[in-house]
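Undergrad: Once you've had a glance at the structure underneath, I'll fire off some questions.
The values are calculated or read from the model by the stated rules, or taken from the named source; none is laboratory data. Everything numeric in this text was worked out from a predicted model, so none of it was measured. Cβ coordinates were reconstructed from backbone atoms using ideal geometry, including for glycine residues, and neighbour counts include every protein chain displayed.
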Amino acid sequence: MQTPHRRTAPTGNRTRDWERNALLAVAEVVVLAVILVMALLGNGLVLVVLLRRRRHHNPLHQFMLNLCLADLVVALFQVLPQLVWDATGRFPGPDFLCRLVKYLQVFGMFGSSYMIVAMTVDRHYAICCPLLAHRSGATQRWNSAILLAWGLSLLFSLPQVFIFSRSEVAAGVYECWGNFAESWGLKAYVTWVTLAVFILPVLIITDIIIYRNKIMILKTAVHIIQFNSPKVPPARGGEISAAMSKTVRMTLVIVLVYSLCWAPFFSVQLWAAWDPDPPQNGSVFTLLMLLASLNSCTNPWIYSAFSSSVSSELRLLLLCRNHSQRRGSLPNDSTTTHISNS
């Protein structure tokens, strides 16, 4: 899906299509380089912290660990190839590499989006059934959700392998180019990817966060207060409700940032696909398509801001302090306390 400037859709004059705006190309390379460094640094640091905490069997940590992996796929296989592509002006590789890069570019998009959906659905279940913590099958439930997210991402990215190939776009000029058998193929494909990666996930997550979780938090709090469950001491009822609310707020921030980052990209992609003469050589048009990858830079820091345990270990990691030097027990993680293993 993500393509460099003047490559979204060919016009009638292919010579004009492949003219290179040098200043715009420099701007693209700078923007992509900054995004690449930010994504690698943020996701790499948080991934290290989450790997060190895997023994605590926290489902939210597991989802965020896989979200960091998906965002690293975006950084390494979407942003980095795009950076090299824009720096050289042509795709520097054979047909096999062209198809592989295009596959992995969309795979990272699907993976990041569907991991957020899987995490939201699992947290909704935890809020609906907070008293089922530590019961058998919980680990299998969230592992199945993670595997399903990766599996769908692998499957839905396959069309890229057949659409893109190393093709001659002008006399003696070869490029990693998308070809459709029918004139409406580009419109249909871009629309489908927009629905599958962006619109449907956002609608599902928004429905869960704004409506269903709000109702379940209220019902659970009332249930705890009225029935004084033996599994959860009454004094801890308020903490459970607060932890649920904090989880919902964290997921809501992730989705809002996701929407803000990806909405311009998909708007531009739809514009380029449906408009017979889109302004695809314009600087604003081009840079908007690059900023979507900012989402991969923000997810780890959002999670760290809402997770006291991860943020504490992250500070220790940045200060180069040994994990064993920490005093007392692990800091309380109010994002997932009491509902983390449900």
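Undergrad: When the residues of region 87-96 are narrowed to those that are part of a helix (DSSP H, G or I) and without any contact (Cβ under 8 Å) to a residue 12 or more places away in the chain, which ends up nearest to Leu24 (Cα to Cα)? Talk me through it step by step, then tell me what you get.
TA: Start the filter on region 87-96 by keeping residues that are part of a helix (DSSP H, G or I), which leaves 87-88, 95-96.
Imposing the further condition that a residue be without any contact (Cβ under 8 Å) to a residue 12 or more places away in the chain reduces the set to 88, 96.
Numbers: Thr88: 13, Phe96: 28 Å.
Only one residue tops the list, namely Thr88.
Undergrad: Taking only region 123-163 into account, find how many residues are of a type in the set (Val, Ile, Thr) and modelled with pLDDT under 70. Outline the logic, then answer.
TA: Initial filter on region 123-163 (of a type in the set (Val, Ile, Thr)): 127, 139, 146, 161, 163.
So of that shortlist, the ones also modelled with pLDDT under 70 come out as 127.
Total satisfying the criteria: 1.
Undergrad: Within region 282-324, which residues are under 16 Å from Phe266 (Cβ atoms) and modelled with pLDDT of 80 or more?
TA: Start the filter on region 282-324 by keeping residues that are under 16 Å from Phe266 (Cβ atoms), which leaves 284-296.
Within region 282-324, Ser293, Leu294, Asn295, Ser296 meet the criteria.
Undergrad: Another one. Any residue at all in region 232-254 that's within 27 Å of the chain's Cα centre (by Cα), at pLDDT 50 or above, closer than 24 Å to Ala292 by Cα and not aliphatic (A, V, I, L, M)?
TA: Here is the first cut: in region 232-254, the ones within 27 Å of the chain's Cα centre (by Cα) are 242-254.
Checking the rest, the ones that are also at pLDDT 50 or above come to 242-254.
Filter once more, keeping what is closer than 24 Å to Ala292 by Cα: 248-254.
Applying the additional criterion that residues be not aliphatic (A, V, I, L, M) yields 249, 251.
Within region 232-254 (the criterion being within 27 Å of the chain's Cα centre (by Cα), at pLDDT 50 or above, closer than 24 Å to Ala292 by Cα and not aliphatic (A, V, I, L, M)), the answer is yes, since at least one residue qualifies.
Undergrad: Please determine, by comparing only the residues of region 55-69 that are without any contact (Cβ under 8 Å) to a residue 60 or more places away in the chain and under 21 Å from the mean Cα position of the chain (by Cα), which one is farthest from Ala22 (Cα to Cα).
TA: Ranking the candidates gives Leu65 first.
Undergrad: When the residues of region 33-59 are filtered to those that are of a type in the set (Lys, Arg) and in a helix (DSSP H, G or I), which remaining residue is modelled with the lowest pLDDT? Can you show your working first?
TA: First, the residues of region 33-59 that are of a type in the set (Lys, Arg): 52-55.
Among the residues that remain, those that are also in a helix (DSSP H, G or I) are: 52, 54-55.
On the way: Arg52: 81, Arg54: 71, Arg55: 65.
Checked region 33-59; the qualifying residue modelled with the lowest pLDDT is Arg55.
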